[in-house]
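The values are calculated or read from the model by the stated rules, or taken from the named source; none is laboratory data. If you're wondering where the values come from, they're calculated on a predicted model, not measured in any experiment. Reconstructed Cβ throughout: ideal geometry from the backbone, glycine too, with neighbour counts over all protein chains shown.
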Amino acid sequence: MHIAIQENGCQDDEIKILDTRLPYFYERLRDMFIQEPSEVNIVLVDSTEEFSQLYGEATDAGAFLKGNTIYIYKPSQFGIATRVQRENFYRTLYQELIYLFYMTNKNN
């Protein structure tokens, strides 16, 4: 399991414990799928401008997957820059991680 998190200076409480919550969920996914991704990159995004530039157009989604990288707004932007509320930050992140596992298995 190789997970890289680019926090980009984010000090939100959810991110402070991300390194303990994420591996637990990852292990559960690994048990459900035949193959796991070779790497997982998570990039926390600060602004709607940066998110739109990375996504390719304006959107109010909270996260998206490109290759093995999950781009997700920092938790404090949920409910402000997104239609998804802050309390659903982990659900959004986990949803993208499930999709990454799915795509890894679908393509192999």
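Mind counting the residues in the range 84-108 that are of a type in the set (Asp, Glu) and either within 13 Å of Met32 (Cα to Cα) or out of contact with any strand residue (DSSP E or B) (no Cβ under 7 Å at 6 or more places or on another chain) (or both)? Steps first, please.
As a first pass, look at the range 84-108 and keep what is of a type in the set (Asp, Glu): 87, 96.
Filter once more, keeping what is either within 13 Å of Met32 (Cα to Cα) or out of contact with any strand residue (DSSP E or B) (no Cβ under 7 Å at 6 or more places or on another chain) (or both): 87.
Number of matching residues: 1.
Hey, could you check the range 32-50 for residues that are more than 20 Å from Asn107 (Cβ to Cβ) and over 13 Å from the mean Cα position of the chain (by Cα) and say which is surrounded by the most Cβ atoms within 10 Å (Cβ to Cβ)?
Ranking the qualifying residues of the range 32-50, first place goes to Thr48.
Please specify each residue of the range 1-56 satisfying the condition of being among the acidic types (Asp, Glu) and either part of a helix (DSSP H, G or I) or on the phi > 0 side of the Ramachandran plot (or both).
Of everything in the range 1-56, those that are among the acidic types (Asp, Glu) and either part of a helix (DSSP H, G or I) or on the phi > 0 side of the Ramachandran plot (or both) turn out to be Asp13, Glu14, Asp19, Glu27, Asp31, Glu49, Glu50.
In the range 75-93, what residues are within 10 Å of the chain's Cα centre (by Cα) and surrounded by 18 or more Cβ atoms within 10 Å (Cβ to Cβ)?
Correct list: Phe89, Thr92, Leu93.
Quick check on my filter: what residues within the range 92-103 are more than 18 Å from Asn8 (Cα to Cα) and either touching a helix residue (DSSP H, G or I) at 6+ places or on another chain (Cβ under 8 Å) or at pLDDT below 95 (or both)?
The answer is Tyr94, Leu97, Ile98, Phe101.
Out of the residues in the range 73-91 that are hydroxyl-bearing (Ser, Thr, Tyr) and not in a helix (DSSP H, G or I), state the one that is modelled with the lowest pLDDT.
The qualifying residue modelled with the lowest pLDDT is Thr82.
Please work out if Glu57 is of a type in the set (D, E, K, R), over 12 Å from the mean Cα position of the chain (by Cα), farther than 19 Å from Arg86 by Cα and buried (at least 16 other Cβ atoms within 10 Å of the Cβ).
Spelling it out, it is not the case that Glu57 is of a type in the set (D, E, K, R), over 12 Å from the mean Cα position of the chain (by Cα), farther than 19 Å from Arg86 by Cα and buried (at least 16 other Cβ atoms within 10 Å of the Cβ).
Which count do you get for residues in the range 34-55 that are among the aromatic types (Phe, Trp, Tyr) and either without any contact (Cβ under 8 Å) to a residue 12 or more places away in the chain or touching a Leu at 6+ places or on another chain (Cβ under 8 Å) (or both)?
Residues flagged as among the aromatic types (Phe, Trp, Tyr) and either without any contact (Cβ under 8 Å) to a residue 12 or more places away in the chain or touching a Leu at 6+ places or on another chain (Cβ under 8 Å) (or both) within the range 34-55 amount to 0.
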